[in-house]
Amino acid sequence: MSLAVDELAKTLSGKQAIAVEAFARALRQLPTIICENGGFDAAELVTNLRAEINNGNLSSGINMFDGKVDDMTKLGVTECLRVKEQALVSATEAAEMILRVDDIVRCAPRQRTQQ
């Protein structure tokens, strides 16, 4: 997904391109976080995964049982596209809400009393 988002960023200009590039960077961090949470050497596994994907093996992924890069279709690992889409949409909407915090209702300042 990060490769597709990177390609999209190349077609944009200005602040939109910066935001899309940041989103691609965030997507690239996901395998690293998963490896670290599993107790594996994230640097080696993610580097191997990127090499496999760049070589055209788009079904490659991280085998968390053995701690190595494997073909996910051979292992029977499949993902529902709709679930993945919804997770990305929800995460993107949450990030957008955090960025737009200034546009959310602002409270009036409290009245100060003299003492």
TODO: Please work out the FRET efficiency for the pair LYS74 and LEU12, using the Cβ-Cβ distance as r and a Förster radius of 35 Å; give the result to the nearest 0.05.
DONE: 0.45
Task: Where a label projected 7 Å from the Cα of ALA95 along Cα→Cβ would reach, residues of region 11-34 with amide N under 12 Å - done: 18-30
- [ ] Highest first, please rank the peptides 18-31, 63-76, 82-95 by the mean number of other Cβ atoms sitting within 10 Å of their residues.
- [x] 18-31, 63-76, 82-95
Open item on the list: Show me the helices of the chain, taken as full DSSP H stretches, that run 15 Å or more along their long axis by Cα and average -0.5 or above in Kyte-Doolittle hydropathy.
Closed with: 15-38, 42-54, 81-99
Open item on the list: What are the ³J(HN,Hα) couplings of region 62-71, residue after residue, when phi is run through the Karplus curve with 6.51, -1.76, 1.60 and θ = phi - 60°? Round to Hz, x for glycine and proline.
Closed with: 9, 7, 6, 6, 9, x, 8, 7, 9, 7
Open item on the list: Run the numbers for ARG28 and LEU58: contour at 0.36 nm per residue of separation, minus the present Cα-Cα distance, in nm.
Closed with: 9.4 nm
Task: Net dipole in debye of the chain [+1 Lys, Arg Cβ; -1 Asp, Glu Cβ; about Cα centre; nearest 20] - done: 660
Task: Mean separation of Cα contacts under 8 Å, 6 or more apart, over the residue count of the chain: relative contact order % - done: 12
Open item on the list: Please compute the alpha carbon radius of gyration of the chain, then divide it by the globular-protein estimate 2.2 N^0.38 Å. Two decimals is fine.
Closed with: 1.51
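All of the numbers you see were taken from the coordinates with simple rules; none came from a lab. Just so it is clear, the structure is predicted and the values come from calculations on it, not from any experiment. Glycine also receives a Cβ, built like all others from the backbone with ideal geometry; neighbour counts cover every protein chain displayed.
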